[in-house]
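The structure appears below as structure tokens.
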Amino acid sequence: MGYKGKAVICREWNQPVSVEEIEVDSPAPNQVTVKIEAIGVCHSDLSATNGTMPLPPPVVLGHEACGKIVEVGEGVTEFAVGDKIIPCWIPICGKCQFCQEGRTTLCDDWGKGFLGPKDGTMPRRDKDGNVLHAFSGVGVMAEYSTMHVDNVIKIDPDTPADKAALVGCGVMTGVGAVINRAQVKPGSSCVARAARSPGPRPSSRSTWWTRSSSSPRPSAPPTPSTPRPMAMPSPR
Ligand SMILES: [Zn+2]
Ligand SMILES: [Zn+2]
């Protein structure tokens, strides 16, 4: 069984995106399928359409969203059908040293799930049966998304979807900048300048990864010189 629905796809850099009907597989083990209820549009999505962020097309865009789980794969115990979730664009293993230290955005699995679930499956296809990549492995500018459980964060079911969707990237990046980079203390007065849509910003194409668009997976995690997103606060 799979799920059919529309999705926003970048088929070629520097060209308009297309809205197409795609098919999304039911979840494999340790995956869930989500019906997307709301999304945010991030500058990084734009960067994926012009090659600044060189995700090999065709790629389903989108990485901040809110939705409800409609199916869970074998072995999934922490989520159930009906759970309201937001996707996380870095799969968090919860076991490595960085995760244990609370620095989950530096997880050892960083880099494994850029184009699909971190287990290597590719659950999206276009109407001709061709495999589609997914932005950060989640590709949520779509009616349905199948993703690895390590990309999934359960939230309060009463949270409005349009608000919760923004937590997936914009809010956590902004809050992280204030708390971790600027180190603003409670009670401070401060000014924000040069506000822009946030998102991961690789320093160069060569350090992001090196495989061609025909390769389904990145060859290696980004080098240490690649700027990494700042620490992410836990959604409430
Ligand atoms: Zn980890
Ligand atoms: Zn973003």
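Throughout, read-outs are computed from the coordinates displayed, never taken from laboratory work. Just so it is clear, the model here is predicted, and its values are computed rather than measured. Virtual Cβ from ideal backbone geometry, glycine too; neighbours counted across all protein chains shown.
Around the amide H of A134, modelled in the peptide plane, lie the amide H atoms of V60, G116, all under 5 Å away and 5 or more residues distant in sequence or on another chain. Take every DSSP beta bridge whose two residues both sit in region 2-208; close to 95 percent of them are antiparallel. Based on alpha carbons, the Rg and Dmax found for region 2-208 are 16.8, 57 Å.
The simple spin-label model puts a point 7 Å past each Cα toward its Cβ; for M1 and E74 those points are separated by 1.6 nm.
Among the trypsin sites (Lys or Arg not before Pro) within region 126-179, which fall in a DSSP loop and have no more than 11 other Cβ atoms within 10 Å of their own Cβ? Could you put the intermediate results ahead of the total?
Numbers: sites: K127, K154, K163; in loops: K127.
Passing both the DSSP loop test and the Cβ count: K127.
Less than 5 angstrom separates the built amide H of D83 from those of I69, all sequence-distant by 5 or more or on a different chain.
Counting neighbouring beta carbons within 10 Å and listing from fewest to most, the residues V34, V19, V152 come out as V19, V152, V34. Test of understanding: extend the Cα→C-beta vector of N14 to 7 Å, then name every residue of region 37-57 with backbone N under 19 Å from that spot. Inside the label zone: 45-57.
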